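The values are calculated or read from the model by the stated rules, or taken from the named source; none is laboratory data. All values derive from a computational prediction rather than experimental measurement. Here the Cβ positions follow ideal geometry from the backbone for every residue, glycine too, while neighbour counts run over all protein chains shown.
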């Protein structure tokens, strides 16, 4: 359940180049013309109400009738020389108006894009993150499912290598870090919730359309501080779109995309409420080795923090380990989730949050990613 609060609140949009980079705790900000805009009205946009009529690869692309959308990749990679890395690459889309105004200018458009790119250097204990913005005018950013899947923001992109987008390539680079990897899809899309309709509260319309490609075989190169590594591993991809999602009183969420060594995967999430409770409308999904899925209602699992970490950047106190229990009929699992390193917080962005590589031990073993929001400030009204 990737968040889009970073563009729903105050939007930073590039007119002629804007980038914010945080490297190992030291930041560098470059900006020219910058537009500030408050959250646009949701009136006139489609809402996620009924199950969606999916068609792939068409639906790998953009859905501009909805106000917000994102394409989210997280992976755990190992170098041939043994070093371990995590990465996140996410492109967000935000529509300012339901319709694109007629204009003779190729620069004028109602679609705004933002990208986050991070690398976790597990052995070095350093976290690198970069944020970029662009409008979609003049082809600077965009997303399409046909005739070939592609999502991009300037020279950062994921592009299909075949018509069905079973093989795709991600390329992103800045002065400090780079990633050039190929993904091979080995399972069909897992449709979260009810055939892809993923409720976030009991109120009708507080939902998103959401599917996952939970196991992508990954191979390529990773560059960090001038050194290039041949890497391989596994990647999780989410694609989600909506117009409104979180209900009243939501504080934030803890989300997990976990890839197990036995060939199965698991998405779990917990929306935390400001009163200390939990939003029970949002559940999880277990994906079997053959690609079949089982929806997990919120009452069938618990996610209990076991320790904490305090950010030196924002002062936020995050959970830094979890005990997970699942009791869903014949699916009975107990395991621990542990961050591969403590400091994987994106800070200095419009909204600070923790997004990092984790390991799994217990009844199942494996790797994955966790996303923790609402620990610096509430997400209510921002998603």
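Couple of notes before you dig in:
- Scanning the range 317-324 for residues that are modelled with pLDDT of 95 or more, within 22 Å of the chain's Cα centre (by Cα) and not in a strand (DSSP E or B) turns up at least one hit.
- Residue in the range 336-359 that is over 16 Å from residue 254 (Cβ atoms), touching a residue at least 12 places away in the same chain (Cβ under 8 Å) and touching a helix residue (DSSP H, G or I) at 6+ places or on another chain (Cβ under 9 Å) present: yes
- Single condition residue 126 does not satisfy, out of (1) modelled with pLDDT under 95; (2) over 20 Å from the mean Cα position of the chain (by Cα): (1)
- Filter result for residue 87 (touching a residue at least 40 places away in the same chain (Cβ under 8 Å), under 21 Å from residue 118 (Cα atoms) and touching a helix residue (DSSP H, G or I) at 6+ places or on another chain (Cβ under 6 Å)): no
- Residues (surrounded by fewer than 19 Cβ atoms within 10 Å (Cβ to Cβ) and not in a loop (DSSP other than H, G, I, E, B)) located in the range 162-184: 167, 169, 171, 173, 178, 180, 182, 184
- Residue, farthest from the chain's Cα centre (by Cα), within the range 330-344, restricted to residues that are assigned to a strand (DSSP E or B) and within 17 Å of residue 85 (Cβ to Cβ): 338
- Residue in the range 111-120 that is over 28 Å from residue 212 (Cβ atoms) and either modelled with pLDDT of 95 or more or surrounded by 16 or more Cβ atoms within 10 Å (Cβ to Cβ) (or both) present: no
- Of the candidates 305, 297, 339, the single residue that is touching a strand residue (DSSP E or B) at 6+ places or on another chain (Cβ under 7 Å) and surrounded by fewer than 22 Cβ atoms within 10 Å (Cβ to Cβ) is 305.
- Options 205, 220, 233, 142; residue that is within 30 Å of residue 270 (Cβ to Cβ) and outside any loop (DSSP other than H, G, I, E, B): 233
- Hey, residue 159 surrounded by fewer than 21 Cβ atoms within 10 Å (Cβ to Cβ) and without any contact (Cβ under 8 Å) to a residue 40 or more places away in the chain or not: yes
- Residue satisfying condition, being over 29 Å from residue 49 (Cα atoms) and buried (at least 20 other Cβ atoms within 10 Å of the Cβ), within set 241, 260: 260
- Any chance residue 186 is at pLDDT 95 or above and over 19 Å from the mean Cα position of the chain (by Cα): yes
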